[in-house]
Structure formats: C-alpha cells, structure tokens
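The values are calculated or read from the model by the stated rules, or taken from the named source; none is laboratory data. Since the model is a prediction, treat every value here as computed from it, not as a measurement. Positions of Cβ are generated from backbone atoms using ideal geometry, with glycine treated the same way; all protein chains shown enter the neighbour counts. Side chains are part of the model used for accessible areas, which takes the heavy atoms of the whole protein and leaves out ligands, DNA and RNA. Shrake-Rupley method; radii C 1.70, N 1.55, O 1.52, S 1.80 Å.
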Amino acid sequence: MILAVTGGKGGVGKSTVAYNLAAELDAVARGPDGGRATGGQSGSVVVDGDLAMADLPGGRGPDLHDVLAGRADPVEAVRTDGPVTVVPCGRTLAGARSADLRGLPDVFAALERSHRWVVVDSPAGLHADVGLPLSAADAAVLVTTPERAALADALRVRALARELDAGLCRVVLNRAGPTPATDAVADRFGAPAVAVPESDALAAAQSQGRPLSETAPESPARKSLRELAAAVQSCSSV
C-alpha cells in the first residue's frame, strides 16, 4: 500500500506523524513473533518526499535525489540501519534540481514490491510535488493542527486529493488540546479523525531521529499513533 501523509500548511507535524506511523506499522507487520510481513515483504518504509526541505533522518549513500536523477536504484536508497526504515532525501539545491519528479510513481511502485506499506512524507503546499504522491497513493492521511489557518490549508489539500482520487483514510488532528474537536473535524473533512495530543516527548523523540515507541512507549501520543496505525491497516485491507 502506498500511503501519502500530507497537509497543506508547513510545520503541522507531518514528518513526525509519517515517521512514527511507519514505526507503528512495522510493529503491526512483525506481529507477536517479530517476523516478517505476509508474503515475505518487509513491513514499512517511509520516504522523505519533500525534495526541497528534507526532514527525516538521512545517512550515507544514495538518496531520493540520486534515484530521481537516475544515479541509483530505489532499493539502493533504502536505509535499514536506523530504528525506522527510511528512504532519505538529499539536502542540496543541486540535488533537488537534478531530480525528475516524474519518476516518483515508479519509485513508490518499486518500493511497494518489497514493503507492505510505503509511507510518503509529502511536502507542504499545493505544488506539483504534492500532487504526485497523492496521484500515486492508494490512500492518504491528512495532518493538521487545530489552528484555523492549518485547517483551511488542509481542506485545500483534501480537495486536491479528491480530484486525484486519493482516498482519505484518516485526518490527524496534531497537537490537540485536552478536548479535541475530532467529531467536527471528521464532519468537515469527510473522514474519521485521530487526535494526537501536544507532546514534548514526541517532539524530543523526533529531534533525536527515534520513534516514540522507543523513547516513551506509554505516552498518550504513542497511544494515538498506534490507533492511527490500526486505522491504516484497516484501510489497506479494504
């Protein structure tokens, strides 16, 4: 399953949600015996699809810029040496300029052959590099915060997802307060909403390049992320 994690406004925690969702989906895939996913596939891989503003942990070796420039195969860019399997994106302007966006769907398809879930951390905004992950995705998770501007931008991305026939699996209301308006958000977006509470532990884990499941597994935010992963699993089985 190719899953686009998207959101209109920058800074809403989209990369944090994508990274931790991939970690939780890996736990689902391993199951109680710690084995591989059905059919011999690996569990999940998260792709840093923001070609100009990479946010996910990087590493040495080929990255998404190299793949889209024809210098590497998608499998060569997969990093398995960290707590979450990642395809990082380069961080140079020259690398971004050399990348051919039209190759993104082929990259996702290649990764899907070896991974049960391909989680794409999509860029913010409504540019072409946002539409490509949505057009290639089987479903989307839309991340927003309760602020009015973030909700308005997220609604614009929701409209784009409809145009591109990307089904909306869940809306994530990130940095939610003690009484999150998940029902109102669900009605507004036309999809169930999951509230992830404001969490210093989640922010600290992301800054260290580690999933919350490792650093604060009993935290309320981790509970919400596990709920999100279960919802995505349900969407992928439909």
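Per residue, region 45-125 exposes 44 Å² of accessible surface when a 1.4 Å probe is rolled over the protein heavy atoms with every protein chain present. For the chain, the Cys residues with no second cysteine's beta carbon closer than 4.7 Å are CYS89.
Ligands, DNA and RNA are left out, and with a 1.4 angstrom probe the accessible area of region 133-238 is 49 Å² per residue.
Taking the helices alone, the chain has a mean residue ellipticity at 222 nm of -12000 deg cm²/dmol, built from -39,500 (n - 2.57) per DSSP H run of at least 4 residues and averaged over all its residues. Based on Cα contacts under 8 Å between residues 6+ apart, the chain shows a relative contact order of 25 percent. Amide H contacts of ALA195 (H built 1.01 Å from N, in plane; Pro and chain starts excluded): LEU173 sit under 5 Å, all sequence-distant by 5 or more or on other chains. Computed from backbone phi with θ = phi - 60° and the Karplus coefficients 6.51, -1.76 and 1.60, the 3J(HN,Hα) list for region 19-24 is 5, 6, 4, 4, 5, 5 Hz; x is used for glycine and proline.
Between the C-alpha center of region 54-121 and that of region 154-204 there is a gap of 26 Å. Backbone amide hydrogens, once placed in the peptide plane, bring ALA72 within less than 5 Å of VAL67, excluding anything fewer than 5 places away on its chain. Mind giving me the FRET efficiency for ARG188 and GLU218? R0 is 41 Å, r the Cβ-Cβ distance, nearest 0.05 is fine. Computed FRET efficiency for ARG188 and GLU218: 0.85.
When the alpha carbon gyration tensor of region 108-238 is reduced to an equivalent ellipsoid, the three semi-axes, largest first, read 23, 20, 14 Å. Quick one: in region 1-117, what % of C-alpha pairs are over 25 Å apart? It works out to 19 percent of all Cα pairs. Surface composition of region 1-157: carbon plus sulfur atoms contribute 50% of the solvent-accessible area (1.4 Å probe, protein chains only, all chains present). Give the residue list of trypsin sites (Lys or Arg not before Pro) in region 37-83 that are DSSP loop and have at most 12 other beta-carbon atoms within 10 angstrom. Those satisfying the criteria are ARG60. Summing charges over all other residues whose Cβ lies under 12 Å from the Cβ of GLY190, with Lys and Arg as +1 and Asp and Glu as -1, gives +3.
Computed in the context of the full set of protein chains, the accessible area of region 175-219 at 1.4 Å probe radius has 49% of its extent on carbon or sulfur. In this structure, the amide hydrogen of GLY43, modeled 1.01 Å from its nitrogen in the peptide plane, lies closer than 5 angstrom to those of ALA37, ARG116, counting only residues at least 5 positions away or on a different chain.
Comparing ASP200, ASP48, ASP138 in a Gaussian network model of the chain where C-alpha atoms under 10 Å apart are linked, the largest mean-square fluctuation is found at ASP200. Relative to the globular-protein estimate of 2.2 N^0.38 Å, the Cα radius of gyration of region 155-195 stands at 1.19. Remark: the chain carries a charge dipole of roughly 180 debye about the Cα centre, counting +1 on each Lys and Arg Cβ and -1 on each Asp and Glu Cβ.
Using a cut-off of 9 Å between beta-carbons, work out the net charge of the residues near ALA72 (Lys and Arg +1, Asp and Glu -1, ALA72 not included). Result for the neighbourhood of ALA72: -3.
When all alpha carbon pairs of the chain are counted in 10 Å bins from zero, the resulting P(r) reads 8, 36, 39, 16, 1 %.
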